[in-house]
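**Student:** One structure is given below, represented as structure tokens, and several questions about it will come after.
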Amino acid sequence: MLDVRCWRAVLDLPTSSIRHSASMLIIPAIDLKSGKVVRLTQGDPGRQTIYADDPVAVALRWQEAGAKRLHIVDLDGAFEGTPRQSGIIKRIAEAVDLPIQVGGGLRTLAAIDALLTDRVSFAILGTSAILDQRFLEEACTRYPGRIILAVDAKEGKVAVKGWMETTETSALELIETVATFPLAAIIYTDISKDGTQDGPNPEALRKVAEISRHPVIASGGISSLNDVRRVAAIRGMVGMLVGKALYAGALDFKEATEVAVQTARERHACETDHPLP
Ligand code: AMZ
């Protein structure tokens with residue numbers, strides 16, 4: 001079976017304008033709600049913190065800080081089932097010169113077509129991909145290497161529709177099922193940790209990375225350099241989404257990147273020098 005773990009392969013996509021040797025990305029998350037940059041706690045719209053009124057300025061700030069990629073979620077889109085913040089996302093895409101990945105409300109091929117212009121590198125699919133795997137396959141076939149699957153898990157089961165509904169689908173089984181799909185990556189979010197600054201769940205992440213044939217991006221609770229180190233040390237991880245900890249100042253972007261890259265290098269050297277049987 002094709003092993004598509006190699007992050008370089010993802011970065012080498014024609015749509016990715018940036019080449020770099022770092023093997024572990026800290027990806028700032030820009031969650032949009034009613035035109036503002038917000039963070040929810042455990043995905044609950046009732047527990048929302050507003051961080052900024054100008055999403056374009058925030059995106060430019062992350063670019064200036066050295067981000068190599070941005071993660072943008074249209075939360076209104078995720079809740080309502082159709083993109084709602086397309087105007088702002090277009091303005092961000094025009095303003096920055098970075099690969100961006102965008103999700104929230106992408107439930108039809110037409111919505112994906114409208115998003116994936118040459119300034120938006122990746123479409124993130126959650127609900128539609130989980131409820132209809134043929135749709136995911138179709139989207140991947142149309143845009144090989146440009147679709148990212150969002151696996152948002154609540155106690156091991158995948159949640160959909162703005163995380164308001166939890167399915168019976170096991171996150172790990174889903175990841176196995178999509179092994180041969182030409183996805184760019186899988187984002188695994190631990191909902192119980194998201195927006196809590198409580199630290200990630202390395203055991204769950206390790207399992208996900210172990211069974212995934214795709215590069216894995218971790219999300220949920222990452223809020224200290226120690227958390228960054230623990231996630232970056234997991235084989236198969238290529239990056240991590242950080243939101244609240246960056247906005248609240250608990251984590252410095254540059255420091256986090258240095259630690260992530262250094263840890264990934266050490267891991268890689270270790271794997272190369274002492275390959276496990
Ligand atoms: O915070 C939430 N309640 C939330 C959230 N962040 N609900 C969905 N999402 C994100 C997913 C994924 O990136 O993590 O929206 C995207 C999926 O949207 P959809 O519409 O495809 O399920």
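The values are calculated or read from the model by the stated rules, or taken from the named source; none is laboratory data. Note that the structure is a prediction, hence the values are computed from the model and not measured. For neighbour counting, all protein chains shown are included, and Cβ atoms are generated from backbone atoms with ideal geometry for every residue, glycine included.
**Student:** If you check LEU149 against the conditions, is it assigned to a helix (DSSP H, G or I) and at pLDDT 95 or above?
**Tutor:** No, not satisfied.
**Student:** Hey, could you check segment 163-177 for residues that are hydrophobic (A, V, I, L, M, F, W, C) and not in a helix (DSSP H, G or I) and say which is surrounded by the fewest Cβ atoms within 10 Å (Cβ to Cβ)? Working first, answer last.
**Tutor:** Within segment 163-177, the subset hydrophobic (A, V, I, L, M, F, W, C) is 163-164, 171-172, 174-175.
Okay, now just the ones that are also not in a helix (DSSP H, G or I), so 163-164.
On the way: TRP163: 23, MET164: 12.
Among those residues, the one meeting the criterion is MET164.
**Student:** Take segment 165-203 and flag every residue that is small (Gly, Ala, Ser), modelled with pLDDT of 95 or more and within 16 Å of the ligand (Cβ to nearest atom).
**Tutor:** Residues satisfying the conditions are ALA171, ALA184, ALA185.
**Student:** Okay, next question. Any residue that is buried (at least 23 other Cβ atoms within 10 Å of the Cβ) and farther than 22 Å from VAL73 by Cα - is there at least one of those in segment 241-258?
**Tutor:** No; the residues of segment 241-258 include none that is buried (at least 23 other Cβ atoms within 10 Å of the Cβ) and farther than 22 Å from VAL73 by Cα.
**Student:** Go through GLY162, GLY145 for me and flag whichever is in contact (Cβ under 8 Å) with a residue 24 or more places away in the chain and either near the ligand (Cβ under 10 Å from one of its atoms) or over 27 Å from ILE89 (Cα atoms) (or both). Give the derivation first.
**Tutor:** On the way: GLY145 fails: either near the ligand (Cβ under 10 Å from one of its atoms) or over 27 Å from ILE89 (Cα atoms) (or both).
Matching residue, one of GLY162, GLY145: GLY162.
**Student:** Given the conditions (1) surrounded by fewer than 24 Cβ atoms within 10 Å (Cβ to Cβ); (2) part of a loop (DSSP other than H, G, I, E, B), which single one is not true for LEU183?
**Tutor:** (1)
**Student:** Using the structure shown, decide if ALA150 is more than 8 Å from the ligand (Cβ to nearest atom), closer than 18 Å to PRO83 by Cα and among the aliphatic types (A, V, I, L, M).
**Tutor:** Criteria not met by ALA150.
**Student:** Looking at ASP113, ASP97, ASP132, ASP118, can you tell me which residue is over 18 Å from GLY43 (Cβ atoms), charged (D, E, K, R) and either modelled with pLDDT under 95 or touching a Phe, Trp or Tyr at 6+ places or on another chain (Cβ under 8 Å) (or both)?
**Tutor:** One residue alone meets the criteria, ASP118.
**Student:** Looking for whichever is within 16 Å of the chain's Cα centre (by Cα) and assigned to a helix (DSSP H, G or I) here; the options are ALA209, ALA264, ALA269. Which one fits?
**Tutor:** Unique residue meeting the criteria: ALA209.
**Student:** May I ask you to list pairs of residues, at least six apart or on different chains, whose Cβ atoms are under 9 Å apart, with the first in segment 192-206 being farther than 19 Å from THR49 by Cβ and the second being buried (at least 21 other Cβ atoms within 10 Å of the Cβ) and polar (S, T, N, Q)?
**Tutor:** That search, which allows pairs on different chains as well, returns PRO200/SER219; PRO200/SER223.
**Student:** At least 2 residues that are surrounded by fewer than 21 Cβ atoms within 10 Å (Cβ to Cβ) and away from the ligand (no atom under 15 Å from the Cβ) in each: list the helices (runs of 4 or more DSSP H) lying fully within segment 35-137 that qualify.
**Tutor:** Result: 55-65, 86-95.
**Student:** Criterion first (under 18 Å from THR127 (Cβ atoms), touching a Ser or Thr at 6+ places or on another chain (Cβ under 8 Å) and crowded, with 24+ Cβ neighbours inside 10 Å) does VAL228 satisfy it?
**Tutor:** Here the answer is no, as VAL228 does not meet what is asked.
**Student:** Go through (1) in contact with a helix residue (DSSP H, G or I) (Cβ under 7 Å, 6 or more places away or on another chain); (2) within 19 Å of LYS157 (Cβ to Cβ) and name the single condition ASP194 misses.
**Tutor:** So the condition that ASP194 fails would be (1).
**Student:** Within segment 212-233, restricting attention to residues that are within 16 Å of the ligand (Cβ to nearest atom), without any contact (Cβ under 8 Å) to a residue 40 or more places away in the chain and outside any loop (DSSP other than H, G, I, E, B), which residue is nearest to PRO28 (Cα to Cα)?
**Tutor:** ALA218
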